[in-house]
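**Student:** Got a structure for you, written out below as structure tokens; questions coming shortly.
The values are calculated or read from the model by the stated rules, or taken from the named source; none is laboratory data. This structure is a prediction, so every number in the text was calculated from the model and none was measured. Positions of Cβ are generated from backbone atoms using ideal geometry, with glycine treated the same way; all protein chains shown enter the neighbour counts. Heads up: the accessible areas ignore ligands, DNA and RNA and are worked out on the full protein's heavy atoms, side chains in. Shrake-Rupley method; radii C 1.70, N 1.55, O 1.52, S 1.80 Å.
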Amino acid sequence: MNRPVLRVPLHRGTTAHVSSVYPFSVQSSFGHRGVYVGVDLLAGGGEFCWDPFDAYGDGLVTNPNCWILGEPGNGKSALVKSILWRQAAVYGHGPDGRWTAIVDPKGEYLDLAERLGLTVLRLEPGGTVRINPLAPGPAARHEAPDRQALRQGQLCTALVATVLDRSLTQAEDAALFAAVERLLARSGEPTLGDVAALLRSPTVEMAERAHQPPDALAVDAAGVGFALDKLLSRSLRGMFDGPSTMRLDWDGPGIVLDLSAIPLDSEALPLVMVATAGWLQQLMACPGPQRLQVLDEAWALLGNRHTATYLQSCFKLGRTYGVANICITHRASDLTAQADDGSATSKIAAGLLADSATKIVLRQAPDQVPAAVAHFGLTDPEARIIGALTRGRALWRIGGRTAVVHHLLTQREAVELCDTDQSMRTGTPELGRAA
């Protein structure tokens, strides 16, 4: 006799509901700590929240640094601006909240600065704003003089080596460091002009340190002086050639350094970014509130080993002083476009990615997918995803976990903060309608 077969009627449901019966169909949530970003499509459309410091505190990552890749027009700027805006609302900004520094080569963050009360400094050759990379800041009250000298010496070395397009000789390096150390021992605020003047006429103490007569040291350091002259009197005239013309309120909510007057494809941009980042280190390298440093167009710092090494030193501040670095580039190939494969610079770029525990990849063109896979260690399914992402969606790698997040904007964010296409069309931004 045939026994009756029990049949269950066909049931169709979303992964959000089916996961209650078969929990392995979707991954678990990343938690609610942080700011709301959007929905995690791999977790059944559940909420996705993120904050670099909370992620580190919860043990999801080993450092608070983040690297973002995204082709223009896919929502990269909107993502960063909305996260900064929401963090200010959740955690506050200023001495009792977060301190934010944004190096802005395209002038995209001015609306955000106005709404958050961030100080805006527009740097341009021959302009009215000048900052002194060697000016002592808050870090001078917390660091030993020899540590200050080392930091300022590294900054000057990165600037000079970038102009010369080569490494400094041992004599040049010794002379430059001796000049910086000598100036810091004096009272007052040293400038790059003071360094150049001291290299033209070295003191007896500097010569003794370099184990040669002052006249011989001046000859050996002549190339360094010429490089500094390019910063002081030619392409960057008026930007870094004297004491700072503005006194920044280090206890305020933060700063935006508007570099839009510097062409993106010019050789001056890496110099400006190193000089401004060095100036900001006077705040970053000391105890204080949690700080965010956003470096847009970060590829400009990977052009040679010296600027890349300087960026690497910024990353090392994260866990020590509570600084989260957020670097933004367009393509994975940007990370090595300025350097030959296998070079020291390329290896430093790879190390910077390794030092970024959070990686966010928006849509990449087909020819960029292999580079993204190589640099980010993506799996085959992840590689297929980044080539098919639509605008406003991104692959997130947080520590060892992956999420595909659909970023949601409020109407106000879309219109007032994140609409970078106003000159291209009129009407309501696409992401605003989707939100």
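**Student:** Can you work out the Karplus-derived ³J(HN,Hα) for every residue in the stretch 29-36? Use 6.51 cos²θ - 1.76 cosθ + 1.60 with θ = phi - 60°, whole Hz, and x for glycine or proline.
**Tutor:** 5, 7, x, 9, 6, x, 9, 5
**Student:** Considering only V120, N74, N132, whose Cα is most displaced toward the positive end of the charge dipole of the chain, charges sitting on Cβ of Lys, Arg (+1) and Asp, Glu (-1)?
**Tutor:** N74
**Student:** Turning to a different aspect of this structure: Per-residue accessible area for S201 at 1.4 Å probe radius, Å² rounded to 10?
**Tutor:** 80 Å²
**Student:** Can you work out the Karplus-derived ³J(HN,Hα) for every residue in the stretch 351-366? Use 6.51 cos²θ - 1.76 cosθ + 1.60 with θ = phi - 60°, whole Hz, and x for glycine or proline.
**Tutor:** x, 5, 5, 5, 7, 9, 6, 10, 10, 10, 10, 8, 3, 10, 5, x
**Student:** Accessible area per residue, 1.4 Å probe, Å², for the stretch 23-148: what's the number?
**Tutor:** Values: 5010 Å² over 126 residues.
Result: 40 Å² per residue.
**Student:** Evaluated at 4 °C with a viscosity of 1.567 mPa s, what Stokes-Einstein diffusion coefficient in µm²/s does the chain have when Rh comes from the Kirkwood expression over alpha-carbon pairs?
**Tutor:** 55 µm²/s
**Student:** Give me the count of lysine pairs in the chain whose alpha carbons sit under 26 angstrom apart, restricted to pairs 8 or more positions apart or on different chains.
**Tutor:** Taking the Cα cut-off of 26 Å, the pair count is 12.
**Student:** I would also like to ask the following. Return the calculated 222 nm mean residue ellipticity for the chain, to the nearest 500 deg cm²/dmol, obtained by summing -39500 (n - 2.57) across DSSP H runs with n ≥ 4 and dividing by the residue count. All intermediate terms of the calculation are to be shown ahead of the outcome.
**Tutor:** Values: 17 runs with 168 residues, N = 435.
When only DSSP H runs of four or more count, the value is -11500 deg cm²/dmol.
**Student:** Taking R0 as 22 Å, what FRET efficiency do you get between E71 and T320 from their Cβ-Cβ distance, rounded to the nearest 0.05? Spell out each step's value before the answer.
**Tutor:** Details: r = 34 Å, r/R0 = 1.54.
Plugging the Cβ-Cβ distance into 1/(1 + (r/R0)^6) gives 0.05.
**Student:** Given charges of +1 on the Cβ of Lys and Arg and -1 on the Cβ of Asp and Glu, with all other atoms neutral, how large is the dipole of the chain about its Cα centre, in debye to the nearest 20?
**Tutor:** On the way: 40 positive and 45 negative charges, 295 e Å.
Roughly 1420 debye, rounded to the nearest 20.
**Student:** For L389, what residues show an amide H to amide H distance below 5 Å, using hydrogens built from the backbone and excluding near sequence neighbours?
**Tutor:** Answer set, sorted by chain and number: Q364.
**Student:** May I pose another question? Can you give me the accessible area per residue for the stretch 270-399, using a 1.4 Å probe, in Å²? Each step should come with its number before you reach the end.
**Tutor:** Working: 4180 Å² over 130 residues.
Ligands and nucleic acids excluded, the figure is 32 Å² per residue.
**Student:** Positive end of the charge dipole of the chain (Lys, Arg +1 and Asp, Glu -1 on Cβ, about the Cα centre): tell me which of I386, A197, L301 has its Cα farthest that way.
**Tutor:** I386
**Student:** Carbon-plus-sulfur fraction of the accessible area of the stretch 261-337, 1.4 Å probe, in percent? Each step should come with its number before you reach the end.
**Tutor:** Values: 1060 of 2060 Å².
With neighbouring chains kept in place, the figure for the stretch 261-337 is 52 percent.
**Student:** Return an integer: the convex hull volume of the alpha-carbon atoms of the stretch 32-82, in Å³ per residue. If you can, show how the numbers build up before the last one.
**Tutor:** On the way: hull volume 5.0 nm³, N = 51.
Cα convex hull per residue, to the nearest whole number: 99 Å³.
**Student:** Say each of A144 and L110 gets a label point 7 Å from the Cα, pointing the same way as Cα to Cβ; how far apart are those two points in nm?
**Tutor:** 4.6 nm
**Student:** In addition: Sort 213-226, 55-68 for me by packing, meaning the mean count of neighbouring Cβ atoms within 10 Å per residue, highest on top.
**Tutor:** Numbers: 213-226: 18.0, 55-68: 19.9.
Packing proxy ranking, top to bottom: 55-68, 213-226.
**Student:** On to the next question. Take every DSSP beta bridge whose two residues both sit in the chain, then give the antiparallel share in percent to the nearest 5.
**Tutor:** Working: 18 of 46 bridges.
Around 40 percent of the beta bridges assigned by DSSP in the chain are antiparallel ones.
**Student:** Here's something else I'd like to know. Could you point to the residue in A210, L168, S260 farthest towards the positive end of the chain's charge dipole, with +1 and -1 charges on the Cβ of Lys/Arg and Asp/Glu respectively?
**Tutor:** So the residue we want is S260.
**Student:** Would you work out what percent of the accessible area of the stretch 38-97, with all protein chains in place, is carbon or sulfur (probe 1.4 Å)?
**Tutor:** Details: 1070 of 1960 Å².
C and S atoms contribute 54 percent here.
**Student:** Let me ask something additional. Applying the Karplus parametrisation 6.51 cos²θ - 1.76 cosθ + 1.60 with θ = phi - 60° to the phi angles of the stretch 272-279, what ³J(HN,Hα) value in whole Hz is obtained for each residue in order, glycine and proline being reported as x?
**Tutor:** 5, 5, 5, 5, 6, 5, x, 5
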